[in-house]
Structures are given as structure tokens and as C-alpha cells.
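The values are calculated or read from the model by the stated rules, or taken from the named source; none is laboratory data. All values reported here derive from a predicted model rather than from experimental measurement. Here the Cβ is made from the backbone with ideal geometry for all residues, glycine too, and neighbour counts use every protein chain on show. Side chains are part of the model used for accessible areas, which takes the heavy atoms of the whole protein and leaves out ligands, DNA and RNA. Shrake-Rupley method; radii C 1.70, N 1.55, O 1.52, S 1.80 Å.
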Amino acid sequence: MGAQQRVFKQKIRSTQSLRKIFKAMELIAASRIQKAIARSQAASPYANALTRAVSAVASESNVDHVLTTESDNVKRAAVLVIGPDRGFAGAYSANLLREAEELVRLLKGEGKQVELFTVGGKAKNYYTFRDRKIEKSWTGISENPTAEVAREIGEALLENFDPESEDSGVDEIYIVFTKFVSSVTHDPEYRRLLPLEVVDADEATTGGQSAGSTDASAFPLYEFEPSAEAVLDALLPRYIDSRILSALLSASASEQASRQAAMKTATDNADDLIKTYTRLANTARQAEITQELTEIVGGADALAASAAGD
């Protein structure tokens, strides 16, 4: 076998090995998408009921709660960036971090100091590489988020939320994540988590209509015991945890969808490369055969001419 053929055969074997890996990752991502969607749907009834309860208390009472009251002088803002732990997901990480940077520039343009919190190794590495301070980070959970992790993140954010403090604490909390719409549509976006902008159940889970929706069954007459403020104290942390969990699950589904699409593209590209290398290998083989035949014919002609001369 000629040198060119050996090169092309080696490239074909390497590309075939990579194609198997890409195809396996594509199938794994496809199965995990369905699991992430199922988990999000399973969490929806609780999130819907909790959202309706918080909306009822916030709209039917006149309590000025610290989590729902706008600060007159916002100096500091916390930004929670929910990214992936692994790569091989196309432009998923780049698009998310671009949205996060846009939010940071917007907040700094308003004269606010930004404190960063991250979920996922990609977001952590991005800011660490640029010597940006990270207040707290969570890794190893992006593909399989749990309610316990969402509660831990919510508690960490609430610990830093203190609009009445002049020297410490933050006045606003934002969350940046990728919203899962479908397997082919998943867009990065940011939302303000605190001070709380109460939304209705549809928006809390799917980004639907606002709290101004007129649904008589959603807001019956309520009496709050022991008080509306006490009810808010109990409900709002759980509501925040549910919003964070919803964002984590949406980001998880988006990550798997992006990885599936990226691995599908990589598999198709590997198939194209295999075809190209196979064609080049055949061309090289034909060239070698042609050269060998030319040499044989030339040698035979030389022998014939030599014999005729004798």
C-alpha cells in the first residue's frame, strides 16, 4: 500500500471512531431531553399552586414586604448565571455568557456594583479566567438539578439580599438562564428575581401572561392567618426556590437539546469526511495502479526493444 493510501486509511479510521462517539452523545442527549421535560412538567403543579398563592397574597393585601418593595437607591445587584458543566453543546455556552455580559454592562451602566453567582463549570471557568470575582458557584448539577440544590442557591441569594444595608448586601437579584421552548428553540434570557415581580402560574412555568390576568377562579376572597406579612414570610422563599428550580430545569433541557443538535451536526460532518477520504484514497490507489501499469508497459517495451536490437 502506498504512502498516500496509508494516510487516508488512517484518517478514515480516526473519523469513524469519532463518529461513534458523536452518535452516542447525540442519543444520550436525546434521551435526557425527555427526562428533563418530564421533570419540568412534574414540578409544574406545585409551582402553579405556589405562584397562585403568592399572587393572591401580594395582590389582595397591602403589605410592604422587603422582598417585594422597590429600593429607592439601588447600588448593588447580584447576577446568577446558570450555565452547563460540560461542552460539546455548540454555541449554548457562548450565547448564555453573551447574554450575561450584556446584563452586567447594563447594570454597570446604571451605576450598580455587580456580584456574580454561577451554576456550571463553564460559567465559573469563564469568569475565573478573566479574574472576575465569583461570590459563590455550584458545579456538577447542570444536567440533573434537584430541589435541594435550588433551595441552597435560593438561601445563598437571600442571605446577600439586604436593601436596607448601606455597606453590604445587594438591592437586586437577577437570574440568567436559557429558556427551553422546544428541541430546536432555546433562547438565553435574564429576569429580575428580587425585588419580586409576582407573575401568574403560566408565566412562572412557561413565560405566559402577566399577573394582570383576570381569572376569577385564581383570586377568590382570602383571609390571611396569622397575617398577610407572616404568610408572605413563609411563601416567598419557597416561591423563589421554585423559580430557581424552574430555571435550572429549563436550562438542563436546553443544554441537552443544544448538545443533541451539535452532535448531530458533528456526526453528519464525520460522514462527509469519511466519504471524502474514501474518494481520495480510491483516487490515490488508482493513480498508483496506473503508475505501476505504466512502469510495467515501459519495462516490457524496453525489453522488447533490447531483444530486437540483439
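Could you check region 76-129 and list, in sequence order, the residues that are within 13 Å of ARG259 (Cβ to Cβ), in a helix (DSSP H, G or I) and open to solvent by less than 20 Å² (accessible area, probe 1.4 Å)?
TYR92
Kindly list the number of the only condition in (1) under 29 Å from SER252 (Cα atoms); (2) in a loop (DSSP other than H, G, I, E, B); (3) touching a strand residue (DSSP E or B) at 6+ places or on another chain (Cβ under 9 Å); (4) open to solvent by 30 Å² or more (accessible area, probe 1.4 Å) that fails for LEU67.
Only one criterion is unmet by LEU67, namely (4).
Would you confirm whether any residue within region 157-174 is within 25 Å of ASN73 (Cβ to Cβ), without any contact (Cβ under 8 Å) to a residue 40 or more places away in the chain, among the polar types (S, T, N, Q) and open to solvent by 10 Å² or more (accessible area, probe 1.4 Å)?
Yes - at least one qualifying residue is present in region 157-174.
Quick check, is ASN282 outside the structural domain of LEU50 (by the TED database), without any contact (Cβ under 8 Å) to a residue 60 or more places away in the chain and closer than 18 Å to ALA24 by Cα?
So ASN282 fails the test.
Can you go through ALA30, ALA38, ALA49 and tell me which one is among the aliphatic types (A, V, I, L, M) and more than 19 Å from the chain's Cα centre (by Cα)?
So the residue among ALA30, ALA38, ALA49 that is among the aliphatic types (A, V, I, L, M) and more than 19 Å from the chain's Cα centre (by Cα) is ALA49.
Is there a residue being open to solvent by 80 Å² or more (accessible area, probe 1.4 Å), touching a helix residue (DSSP H, G or I) at 6+ places or on another chain (Cβ under 6 Å), outside any loop (DSSP other than H, G, I, E, B) and under 22 Å from SER242 (Cβ atoms) anywhere in region 45-62?
The answer is yes, given that some residue of region 45-62 is open to solvent by 80 Å² or more (accessible area, probe 1.4 Å), touching a helix residue (DSSP H, G or I) at 6+ places or on another chain (Cβ under 6 Å), outside any loop (DSSP other than H, G, I, E, B) and under 22 Å from SER242 (Cβ atoms).
Mind checking which pairs have a first residue in region 81-103 that is within 14 Å of LYS179 (Cβ to Cβ) and a second that is among the charged types (D, E, K, R) and surrounded by fewer than 18 Cβ atoms within 10 Å (Cβ to Cβ), Cβ under 7 Å, 6 or more apart or different chains?
Filtered contacts from region 81-103: GLU99/GLU189.
Pairs, please: C-beta under 9 Å, at least 6 apart or cross-chain, first residue in the same structural domain as SER40 (by the TED database) and in region 228-252, second open to solvent by 10 Å² or more (accessible area, probe 1.4 Å) and among the acidic types (Asp, Glu)?
Listed pairs, sorted by first residue: ALA228/GLU60; GLU229/ASP64; VAL231/GLU225; PRO237/GLU155; ASP241/GLU155; SER252/GLU143.
How about region 130-150: which of its residues are assigned to a loop (DSSP other than H, G, I, E, B) and either under 17 Å from SER252 (Cβ atoms) or modelled with pLDDT under 90 (or both)?
THR139, GLY140, ILE141, SER142, GLU143, ASN144, PRO145, THR146
Would you check if THR265 is hydroxyl-bearing (Ser, Thr, Tyr), part of a helix (DSSP H, G or I) and closer than 30 Å to ALA123 by Cβ?
When the stated conditions are applied, THR265 passes them.
Could you check region 203-247 and list, in sequence order, the residues that are farther than 26 Å from ILE175 by Cβ and modelled with pLDDT of 80 or more?
ALA230
If ASP272 satisfies every condition in (1) in a helix (DSSP H, G or I); (2) under 30 Å from GLU152 (Cα atoms) but one, which is the exception?
It fails just one condition, (2).
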